1. Please enumerate, by chain and number, the lysines with C-alpha under 22 Å from the C-alpha of A:Lys79, excluding those fewer than 8 residues away in the same chain.
2. Just the number, please: Stokes-Einstein D of the range B:28-108 in µm²/s, Kirkwood Rh from C-alpha pairs, 37 °C, 0.692 mPa s.
3. Using the number of other C-beta atoms within 10 angstrom as an exposure proxy, rank A:Val15, B:Val112, A:Val114 with the fewest first.
4. Can you show me the helix-derived [θ] at 222 nm for chain A, built from DSSP H runs with n ≥ 4 at -39,500 (n - 2.57) apiece and divided by the number of residues, rounded to the nearest 500.
5. Taking 0.36 nm per residue of sequence separation and subtracting the Cα-Cα distance, how much length would be gained by fully extending the chain between B:Leu29 and B:Ser155, in nm to one decimal?
6. Evaluate the relative contact order of chain A (contact order divided by residue number), counting alpha-carbon pairs under 8 angstrom at least 6 apart; express in whole percent.
7. Over 23 Å apart: what share of the alpha carbon pairs of chain A falls there, rounded to a whole percent?
8. Which is the longest stretch in chain B that no exposed loop site breaks, taking sites as trypsin sites (Lys or Arg not before Pro) with a DSSP loop state and at most 11 other Cβ atoms within 10 Å?
Amino acid sequence: MNRNLLIGILFAGAVSIGTLFSWPAWQDYQIARSQVKDRELELSNRETYFQDLRQASDTLEEYPAELAKVEAAIPDNPKLPSLYDFLQQEAAFSGLSLGSISAVIEQGERTQEVKVIPVTLELVGSYSAMKEFLSRLLVSSRFSSLQSLNIAGSTQPGTFIATVQLHAYSY
Amino acid sequence: MVDIIPKAPRQYSLISRAAFVLAVSSFILTLGSFLILWYLQGRSASVLFDVEERLTAGRTQEQNALEANVFSSRTRLQDFSSLLALRKNFLPAFLFLETTVHPNVYFPGVSVNAARQTLELRGKATSFAVLDEQLAIFEAREEPGAISLTSLRLSETGGVDFQLGIQFPPQFFQ
């Protein structure tokens, strides 16, 4: 075969393979590589997310007592009888007698949001007992926050009637 | 016809030889690159298939439970922390009264309101002068933001009946 013709055919073949096959293959490969990169990044992010969650969970497990306290402070449901019992106990330990107690639970969809339970208490006792009750509420296991307090003198000397409005909380 | 005298091999010029080598090299290079790219594309497709499979497999039950547990604890801690920050302590109001009450003044009614940060007092003083002194004692203190005498009248049993509102700054009840 004529050498020059062969050279021409080889060059033409190289150009044809390059333009018709190699260049599109290169473009397809770039697209595939970018897709792989994106999906791998997505997978890696998911793995990192669960790794972080596992670390957070491990950290939380180091404080079981503290978590239990927080859980008791804001329980999963209102637990009204135990709330009443708790307030009665706190009043009794402070030297007060519980005249009346009432609470309202808002009925609604069960969500992760904190529910407020407004409670009204009527307590009878001495001034120092009332102060003791207020300090006990600040360090008690069930979380509550005082909203208002009205103290008025009673018929018995040295004793007062206190109307306490507070908020307890649950999920 | 048989060639009896062998022909001398044809001599090519340097340019012709170089062009031939270049043409062969280019051909092999483009063909080779195509084959390599074809192989790499296949490998990428296999990796992509594997990654997609792992992604579509979704979360395990253990992962869902872990997420729920961590998020629940986080919400609880955040709620507790924000409620704790908003909680009011009424004891400073009593301490304030204990240290400022005039010996000749008696308070039969005391109201503390956390939202308004007020202390409302219903009091009895033996005289107007005593009430004046009581007000002066309150005003001399740093804690109250504002003091207002809302009611004042002569008592049927003698002395003076009055009502007083004391406004405190928010940090007073923290």
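1. A:Lys69, A:Lys115
2. So the translational diffusion coefficient is about 161 µm²/s.
3. Details: A:Val15 13, B:Val112 28, A:Val114 19.
Fewest-to-most ranking of A:Val15, B:Val112, A:Val114: A:Val15, A:Val114, B:Val112.
4. -18000 deg cm²/dmol
5. Full extension from B:Leu29 to B:Ser155 adds 34.0 nm.
6. Values: 185 pairs, mean separation 35.9, N = 171.
Taking the mean separation of contacting Cα pairs over the length of chain A, I get 21 percent.
7. For chain A, the fraction of Cα-Cα distances above 23 Å is 64 percent.
8. In chain B, the maximal stretch lacking such sites is B:11-174.
Read-outs throughout are calculated quantities, based only on the coordinates presented, and are distinct from any laboratory measurement. All figures in this text were calculated on a predicted structure; none of them were measured in a lab. Positions of Cβ are backbone-derived with ideal geometry, glycine not excepted, and every protein chain shown enters the neighbour counts.
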